[in-house]
Amino acid sequence: MARAVTTRRKVITTAAAWAVGLLIFFPIYWTILTSFKTEAQAINDPPLFFNFDWTLENYTLVQQRSDYMRFLWNSVIIAGGSTLLGIIVAVPAAWSMAFVPSKRTKDILLWMLSTKMLPAVGVLYPISLLFVQFNLLDTRFGLIIVLMLINLPIIVWMLYTYFKEIPVDILEAARMDGAGLKEEILYVLTPMAVPGIASTILLNFILAWNEAFWTLNLTAANAGPLTAFIASYSSPEGLFFAKLSAASTMAIAPILILGWFSQKQLVRGLTFGAVK
Amino acid sequence: MATKHSRSAARLMMAPAVILLLGWMLVPLTMTLYFSFKRYLPLRGDSLENGLQWVGLENYARFIGSSAFWPSVQATLVIVGGVLLITVVFGIFLAILLDQPFWGQGIVRLLVIAPFFVMPTVSALVWKNMFMDPVNGILAHLWRFFGAEPVSWLSDASVQSIILIVSWQWLPFATLILLTAIQSLDSEQLEAAEMDGAPPVKRFWFIILPHLSRAITIVVLIQTIFLLSIFAEIFVTTGGAFGTRTLTYLIFQRVVDSQNIGLGSAGGVYAIILANIVAIFLMRIVGSNLDR
């Protein structure tokens, strides 16, 4: 039963909530706005909100300066590749843990989670060494493998919590009707598992897209994704606020949109099912 | 109704994930442990081919003994603690606010969540330049507008600035989880308390806060694990200068900048132990949740 709320109270709450929301969103809004200014307008005092000549020139300049498209492509390949590979490895594992649990299932799940907590910097040198050894340094394939491994625990966990919610009775009914393991997976489980798998893919794509330890340390000019592309702006030359804004806008826009779709799954995925 | 057949099939399906993660954990960890007991300075001619000199616990002692160690522990604690405090306090406030009925709930929710999806290098550079630049940043404009002298944020208030940037990134996460938890609160309980004349402060203290305690613990633990290893935010802003060299960053510098692999590896082992102490508590909560 919803509580009756006075209009007055609702007006006050609305004002407060919008004020806080806009304040938190302001840096992103300001970045997007600045990307359409000229460099001189970008640093104008007082700051310009609407009264400036909108221009797209920064976007072309960013592309010319450092071939944005190649970094974008690297990001797509690395985030997408690591997520898909992770799903391929994790689906069977999560399936068996959810439907054929044994006494050790819980221990295995928790152990997998514990590998996620390994601080990356603690194994930076060994991984770089292995990368040199196997010629993986600054390759997209190498990063796909590493990002797949660091996100694999989250992928397994998310899939596990989704699969857990599929009623087992339905599987038993299918078995009674003579369905083998193959039919079970193909015709019974898959259709019910698709939404969970889709959310898992979405969240892990975002996490891989934004990963900024391994992508900064294991890539250079060749396989660098957008995180590295943006980091190249940390040593500025001349006026660059508008160009930085254009580059930033292009780096975050796609993922912001995906992220807004995934907000519900975010809670479940990042708390390992502890908060739903 | 698992048969023997399906059991072994299940084990087979689990194998790739388990083997991959086992390798991912054991191989680099063993190497780090190995290097931490060795003198290993590639720039001075040490190499794996010629064999490394065993130095026992010397690296461990030197890592702790160096003048950079305790300041880095302090920086880590201040940054992690500051971000936790800000995100949890404001997260509770925001969660309660967003849980009230108001117009445009969906849109405001999206606005609040947005910073979480901004990649760390972007948020750090946007804050560093467009907000905290002492000449052209928005904050400098604002300070001048009120007749104050602009602050060189990242050199004069470096730790606070890092805390601000990282809090901005993590506030959405805390808010979202706490909001989810608040929404599962039985509203009848609150109504009963309201009818019995409990003022808002008491309702918050005795009903809402206890209900949130579990979610708060989870937020604190998960954020701690991620915050202990923040890297990009420091890498592109101060580069570890002005007292912002955290433990993670110190280890990074030992390994990458000074190329002292032995010393860096010993630091890495400390970081791993530290992360595991936090992890144990988190795993307990997650584990107890599995049984339900």
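The values are calculated or read from the model by the stated rules, or taken from the named source; none is laboratory data. If you're wondering where the values come from, they're calculated on a predicted model, not measured in any experiment. Reconstructed Cβ throughout: ideal geometry from the backbone, glycine too, with neighbour counts over all protein chains shown. Areas reflect the complete protein model, heavy atoms only, side chains present, ligands, DNA and RNA absent. Shrake-Rupley method; radii C 1.70, N 1.55, O 1.52, S 1.80 Å.
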* Structure fact -> In Å², rounded to a whole number, the accessible area per residue of chain B with probe 1.4 Å is 45
* Structure fact -> Two pseudo-spin positions, 7 Å from Cα along C-beta at B:V135 and at B:Q100, lie apart in nanometres by 4.4
* Solvent-accessible area, 1.4 Å probe, carbon plus sulfur percent, for segment A:9-110 -> 72
* Between the alpha-carbon centers of segment B:61-138 and segment B:6-23, tell me the distance in whole angstrom. => 39
* Cα gyration tensor shape for chain A, rounded if a/c is under 1.5, else prolate or oblate -> oblate
* Structure fact -> For A:K116, counting only aspartates and glutamates whose alpha-carbon sits under 17 Å away and dropping same-chain residues fewer than eight positions off, the answer is A:D107, A:E211
* So how far apart, in nm, are the two label points at A:W73 and A:L258 if each is 7 Å from Cα heading toward Cβ? -> 1.8
* For chain A, with only Lys/Arg (+1) and Asp/Glu (-1) charged at the beta-carbon, what is the dipole magnitude about the Cα centre, in debye rounded to 20? -> 900
* Using a basic spin-label model with each label point 7 Å from the Cα along Cα→Cβ, how many nm lie between A:A220 and A:L48? -> 4.0
* Structure fact -> Everything considered on the Cα gyration tensor (a ≥ b ≥ c; rounded for a/c under 1.5, else prolate if a/b is larger than b/c, else oblate), segment A:74-150 must be described as oblate
* To do: Would you mind classifying segment B:246-292 by shape? Square roots of the alpha carbon gyration tensor eigenvalues, ordered a ≥ b ≥ c; an a/c under 1.5 is rounded, otherwise it is prolate if a/b is larger than b/c and oblate if not.
  => prolate
* Asked: Does anyone have the angle between helix A:57-66 and the longest principal axis of chain A? Alpha-carbon axes, 0 to 90°, nearest 10?
  -> 70
* So what's the angle, to the nearest 10 degrees on a 0 to 90 scale, between helix A:7-34 and the longest Cα principal axis of chain A? -> 70
* Assuming R0 = 35 Å, can you tell me the calculated FRET efficiency for the pair B:F69 and B:L22, based on Cβ-Cβ distance, to the nearest 0.05? => 0.65
* **Cα lying deepest toward the dipole's positive end in the protein assembly as shown, options A:I78, B:L29, B:L111, charges on Cβ** => B:L29
* To do: Any lysines with Cα under 21 Å of the B:K128 Cα? List them, leaving off those in the same chain fewer than 8 positions away.
  => A:K37, A:K243
* Asked: Residue separation times 0.36 nm, minus the C-alpha to C-alpha distance between B:F281 and B:F146: what's the value?
  -> 43.9 nm
* Structure fact -> Regression test value, accessible area per residue of segment A:1-72, probe 1.4 Å, units Å², expected 60
* Cα pair distances of segment A:109-184 binned at 5 Å [whole percent] -> 3, 12, 15, 15, 12, 11, 9, 7, 7, 6, 2
* With all protein chains present, how much of the accessible area of segment A:129-276 (probe radius 1.4 Å) comes from carbon and sulfur, to the nearest whole percent? -> 66
* Cross-link reach list, aspartates and glutamates versus A:K164, counting only Cα pairs under 16 Å and skipping chain neighbours closer than eight places -> A:E172, A:E184, B:D291
* To do: Treating only the Cβ atoms of Lys and Arg (+1) and Asp and Glu (-1) as charged, compute the dipole magnitude of the protein assembly as shown about its Cα centre; round to the nearest 20 debye.
  => 960
* Asked: Buried accessible area for the B:A pair, summed, 1.4 Å probe, in Å² rounded to 100?
  -> 9200
* To do: At 0.36 nm per residue, minus the direct Cα-Cα distance, what do B:E188 and B:A241 gain on full extension? Give it in nm, one decimal, please.
  => 13.8 nm
* Residue among A:I155, A:V100, A:A221 farthest towards the positive dipole end of segment A:64-270, charges placed on Cβ -> A:A221
* At least 30 Å² of accessible area lost relative to the chain alone, listed for segment B:121-142 with a 1.4 Å probe -> B:T121, B:V122, B:L125, B:V126, B:N129, B:M130, B:F131, B:N136, B:I138, B:H141
* May I ask you to compute the full-extension gain from A:W111 to A:T60, defined as 0.36 nm times their residue separation minus their alpha-carbon distance, rounded to one decimal in nm? => 13.6 nm
* To do: Could you sort the residues of segment A:247-268 by number and keep only those whose accessible area is reduced by 30 Å² or more in the all-protein-chain setting relative to the chain alone, 1.4 Å probe?
  => A:I252, A:L256, A:W260, A:Q263, A:L266, A:V267
